[in-house]
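The values are calculated or read from the model by the stated rules, or taken from the named source; none is laboratory data. The structure displayed is predicted, hence computed values, not measured ones. A quick note on method: Cβ atoms are made from the backbone with ideal geometry, for glycine too, and the neighbour counts reach across all protein chains shown. These accessible areas exclude ligands, DNA and RNA; they are computed on the full protein's heavy atoms, side chains included. Shrake-Rupley method; radii C 1.70, N 1.55, O 1.52, S 1.80 Å.
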Amino acid sequence: MDKKVYIGVDLGGTTIKVGACNGEGQLLYKFEGPTGTAEGTERVLQNIADYVRKVASDAGFAWEQVVGVGIGVAGFMDFKEGFMHLSANISALNNVAMGKWLSEELGVPIKFNNDANVAALGEVWGGAGRGFEDVVLYTLGTGVGGGIIINGKIHEGGAGMAGELGHLSIVPDLEAIQCGCGQQGCLETVSSATGIIRMAKDAVERGDRTSLSLLESITAKDVFDAAKAGDEVSLRIINRAAYYLGKSMSLVAVTLNPQRFIVGGGVSKAGDILFDAIREVFEKFTPAKAKENVDIIPAELGNDAGMIGAAGLLLR
């Protein structure tokens, strides 16, 4: 066993996922426990510390073998200082010096980054991007997130906003609706699960002939299942979501020229019906040199990507 261990924390509003990794990005052991938001700031921080100690111990490591702890979290944060300004999912951590508290409590280096960024790093370190240095990750869930890896490291940008792919303004004005970020026509409004469900409900309300009208409530999976079964309205919705995803990747390709696009999140589980359509659009709109040897593939690590990528912050 590697003499050193790297601990990664995926900090969510409901649960905290903690994993122990070796230096090659292999997940050796993992644990999941409640965040404890309702019990206040100190409870959340203490849970992180307790879970980290438990994972190191249960994985068979002495504390002296722990190189440090990396943490992936959603919110507006000073990653370098570990100060959380605002967390939409964990209000108990608003205006909290997490880095200082955890560093004093655990006595090891603590590193932070955005949850989508660490998921991208996880895929590069131990998943679908292994062996590549320049990779862009899209996460398709309730919204559209992203992470950019350049030369094997997370690209944060000047204000830490690099990789906000869901907020590329890509939908034409006549078709655009307002995004939750306040802007019009963001990718997230059409290519997220939320966007797909909205388009499906709009179709039903218009009276379009679709099997979706038989459902009491519609999920993104329902839309994909109906499309696979030949429902033309559902197929049109999926193709629209894929169109803007593929077109956004074309823009990213001529800006960053990544070697690989990785697509994760719940929506990505739709499979070929989504990926084939994305690839077709990407092929159509991307200049030859920018798409040379570039592939678009599903993520591999699923819910483990955040833990592995957070641990990778200590090496990359």
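Figures for the structure shown
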| read-out | value |
| --- | --- |
| Cα-based Rg of segment 135-175 normalised by 2.2 N^0.38 Å, two decimals | 1.33 |
| Residues of segment 199-275: accessible area per residue with a 1.4 Å probe, Å² | 50 Å² |
| Accessible area (Å², per residue) of segment 111-152, counting only protein heavy atoms and a probe of 1.4 Å | 26 Å² |
| Within the accessible area of the chain (1.4 Å probe), percent carbon and sulfur | 49 percent |
| Candidate lysines - alpha carbon under 17 Å from Lys153, same-chain residues fewer than 8 apart omitted | Lys80, Lys111 |
| Volume in Å³ per residue [convex hull over Cα atoms, computed for segment 32-171] | 138 Å³ |
| Ala88-Asn239 pseudo-label distance in nm [points 7 Å out on the Cα-to-Cβ vector] | 3.2 nm |
| Segment 77-214, relative contact order in percent, only Cα pairs under 8 angstrom and at least six apart counted | 13 percent |
| Cα-based convex hull, segment 103-209, per residue volume (Å³, whole number) | 168 Å³ |
| Residue among Phe282, Phe76, Phe261 with the largest mean-square fluctuation in a Gaussian network model of the chain, springs linking Cα atoms under 10 Å | Phe76 |
| Selected from Val204, Val267, Val18 as most flexible by GNM, with the chain as the system and alpha-carbon contacts under 10 Å | Val204 |
| Calculated log₁₀ intensity ratio I(q)/I(0) where the Debye formula runs over C-alpha points of the chain, q = 0.06, 0.11, 0.15 Å⁻¹ | -0.22, -0.70, -1.16 |
| Lysine pairs with alpha-carbon atoms under 23 Å apart, segment 217-309, spacing 8 or more or separate chains | 8 |
| Values of log10 I(q)/I(0), in the order q = 0.13 Å⁻¹, for segment 1-72 under a Debye, Cα-only, solvent-free model | -0.34 |
| Cα-derived Rg over Rh, computed across segment 88-131 with Rh taken as Kirkwood radius | 1.11 |
| Computed over segment 187-289, the ratio Rg/Rh where both radii use C-alpha atoms and Rh is Kirkwood | 1.01 |
| GNM result for the chain, Cα springs below 10 Å: residue of Thr210, Thr255, Thr37 fluctuating most strongly | Thr255 |
| Semi-axis lengths, Å, segment 42-114, gyration tensor of Cα atoms, sqrt of 5 times eigenvalues | 23, 12, 10 |
| Contact order relative to length of the chain, as percent, for alpha carbon pairs under 8 angstrom and 6 or more apart | 21 percent |
| Rule-of-thumb Rg ratio for segment 173-214 [Cα; 2.2 N^0.38 Å; N residues] | 1.27 |
| Solvent-accessible area per residue, Å², over segment 1-77 with all protein chains present [probe radius 1.4 Å] | 44 Å² |
